[in-house]
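Below is one structure, written out as structure tokens; the observations come after it.
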Amino acid sequence: MKGTALKAYLEKKNIRPSTLAKECQIDKSYLSRLLSGQRSNPRLRVLRRLAAKLGLSAAVVQELLETGYEAYVSENFPEVLAERASQERFFNCLQQVLDASDDSEIAKVADLTEIIREGVLDSFPMKKCFLRWYEAYALTFQDQFATAIPLFIEAAGFSPRYDVERRFKAKVLLGLGTAYLARGEYRQSVRFFRESLLFWNKGFQVGRVYMNLGTLYRRCGSYERSVDAYERAYECGAAVIKLYTISGLIQVSLDKKDYNVARKWVMRGYSQAKRTGAPRGKSDLYCNIAEYYLASEKLHRADFFFRKAIFFADNSGSIRTKQWAEVELAVLLLRRGLVMEFQDMVRKLESELSGREDVLLIGKHLNAKGRRCLERREYASAAGIAQKAYALVNSSASSEAKECCTILYKAYKALREPGAAAFYLKEIKKHEGVES
């Protein structure tokens with residue numbers, strides 16, 4: 001750092017140059033030139049005023065002006081150099097963490113986190129924020145979103161000064177919004193996605209924000225806003241962003257039952273996937289291609305793409321996508337009359353689900369079991385299972401909420417409980433009204 005020892009002295013004493021200039025009746029720009037070393041021989045009256053205000057002799061002030069910043073700090077305040085080296089190490093690692101996270105290099109993020117944990121002084125405030133973020137970030141990979149949320153909130157408790165800090169703040173808010181999205185808490189989710197965009201508005205990270213907004217709006221039935229968000233994400237340009245975006249646009253088309261548009265995106269997505277070498281993003285795309293073929297009653301092709309989605313999810317570490325594809329494959333196996341295979345898949349899912357964190361996924365899982373009970377005319381069991389799903393997903397405007405109401409309606413109708421059946425029929429119509 002360029003400057004004089006006097007500059008270091010003022011910093012250590014927490015004396016602002018502007019305040020000192022005012023109290024000594026010295027021009028601010030003149031004092032700035034003295035502190036930066038551009039002038040080393042001040043006028044005598046200036047030297048005396050500075051000495052009097054600082055409680056030093058004029059000779060000491062003159063010596064401070066003639067001594068370099070670094071030499072003075074290393075001799076008198078070695079801890080300052082240690083703090084500065086620690087901060088430089090932190091920001092260097094933070095930049096690498098953000099890049100590695102964008103590239104899904106999870107192991108590299110973990111290694112860099114250990115460097116920060118061991119090599120950055122605990123007195124540096126950003127260290128605590130970063131470690132809270134990493135703890136929350138790791139929990140999201142285990143679908144433990146409720147546990148992650150307060151950690152994300154704590155991690156966001158800083159005011160960014162530099163670009164890398166602004167990017168990190170946006171990253172934290174993106175994680176927070178994603179956790180709320182996974183739990184179906186859409187009002188909170190959209191708030192934090194929008195805040196994220198205020199801090200950082202370029203690159204892969206922004207593409208992720210718009211992709212999540214597209215998903216949120218789709219789940220709420222706001223299809224125009226969903227398409228707009230997905231198209232903004234597509235413009236970010238990265239190949240993996242395009243795959244995720246096309247996945248979302250297929251979902252929107254299927255929700256609207258616009259199969260011609262869905263087919264267009266299926267073809268474009270499959271072509272894009274073949275040109276993309278890395279596995280990331282392919283599992284989501286193939287899962288949605290399978291959904292298209294499932295809706296088109298082409299069950300064998302749907303089976304093929306669900307299994308392809310599971311394979312690529314395994315390779316890329318996309319646990320949630322893998323489990324979602326397994327739920328859909330279980331339903332497909334049931335539709336094809338493969339009862340034993342269906343039961344095996346359900347047992348596999350039960351062993352893999354980490355808990356009740358991912359509300360929509362577990363609701364979908366329970367709906368699959370409820371449909372199986374309806375097929376076997378085990379209406380009481382179907383009602384009991386679907387009630388669990390209803391308790392989880394009823395607050396969200398989602399296809400899963402409508403599906404569990406449909407199961408409950410059919411189960412109570414078969415059980416000859418007209419009051420309960422009428423209630424869930426009304427709920428079905430309510431969800432249809434949201435979708436229209």
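Since every read-out is calculated from the coordinates, none of them should be taken as a lab result. Please read these numbers as outputs of a predicted model, since none were measured by experiment. Counting neighbours? That spans all protein chains shown, and the Cβs are built from the backbone with ideal geometry, glycine included.
So here's what we get for this one:
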{"read-out": "Charged-residue dipole, Cβ positions (Lys, Arg, Asp, Glu), the chain about Cα centre, Debye nearest 20", "value": "1120"}
{"read-out": "When the convex hull of its Cα atoms is projected in every direction, mean area for the range 110-162 (nm²)", "value": "4.0"}
{"read-out": "23 Å Cα-Cα threshold exceeded, pairs from LYS282/LYS364; LYS169/LYS282; LYS108/LYS171; LYS308/LYS364", "value": "LYS169/LYS282"}
{"read-out": "The range 5-76: C-alpha gyration tensor shape, a/c 1.5 cut-off, then a/b vs b/c", "value": "rounded"}
{"read-out": "Length added when fully stretched, ARG377-GLU297, from 0.36 nm per residue minus Cα-Cα", "value": "26.4 nm"}
{"read-out": "Cα coordinate range in the range 168-234, projected on the principal axes (Å, largest first)", "value": "31, 25, 15"}
{"read-out": "More than 20 Å apart - percent of Cα-Cα pairs taken over the range 31-184", "value": "61"}
{"read-out": "Mean shadow area of the range 218-333 over all directions, Cα convex hull, nm²", "value": "6.7"}
{"read-out": "Whole-angstrom gap from the range 166-210 to the range 301-330, using each part's C-alpha centre", "value": "26"}
{"read-out": "All lysines inside 21 Å of LYS53 as judged from Cα atoms, apart from same-chain residues fewer than 8 positions distant", "value": "LYS7, LYS12, LYS13, LYS22, LYS28"}
{"read-out": "Neighbourhood charge, 12 Å Cβ-Cβ cut-off, centred on GLU135 and excluding it, Lys, Arg +1 and Asp, Glu -1", "value": "+2"}
{"read-out": "Estimated inter-spin distance, GLU417 and LYS28, nm [label 7 Å along Cα→Cβ]", "value": "7.4"}
{"read-out": "Cα-centred dipole magnitude for the range 5-76, charges only on beta-carbon of K, R (+1) and D, E (-1), debye, nearest 20", "value": "420"}
{"read-out": "The chain: calculated mean residue ellipticity at 222 nm from DSSP helix runs of at least 4, using -39500 (n - 2.57)", "value": "-25500 deg cm²/dmol"}
{"read-out": "Whole-Å semi-axes of the ellipsoid equivalent to the range 260-412 (Cα gyration tensor, √5λ, descending)", "value": "27, 16, 15"}
{"read-out": "Choice from LYS171, LYS264, LYS13 with maximal GNM fluctuation in the chain (Cα, 10 Å cutoff)", "value": "LYS13"}
{"read-out": "Selected from ALA411, ALA386, ALA107 as most flexible by GNM, with the chain as the system and alpha-carbon contacts under 10 Å", "value": "ALA107"}
{"read-out": "Using a Förster distance of 45 Å, the FRET efficiency for ALA71-SER351 (Cβ separation, nearest 0.05)", "value": "0.10"}
{"read-out": "The chain: most fluctuating residue of THR321, THR19, THR406 per GNM, C-alpha cutoff 10 Å", "value": "THR19"}
{"read-out": "Distance in nm between pseudo-label sites at SER271 and ASP255 (7 Å out along the Cβ direction from Cα)", "value": "2.6"}
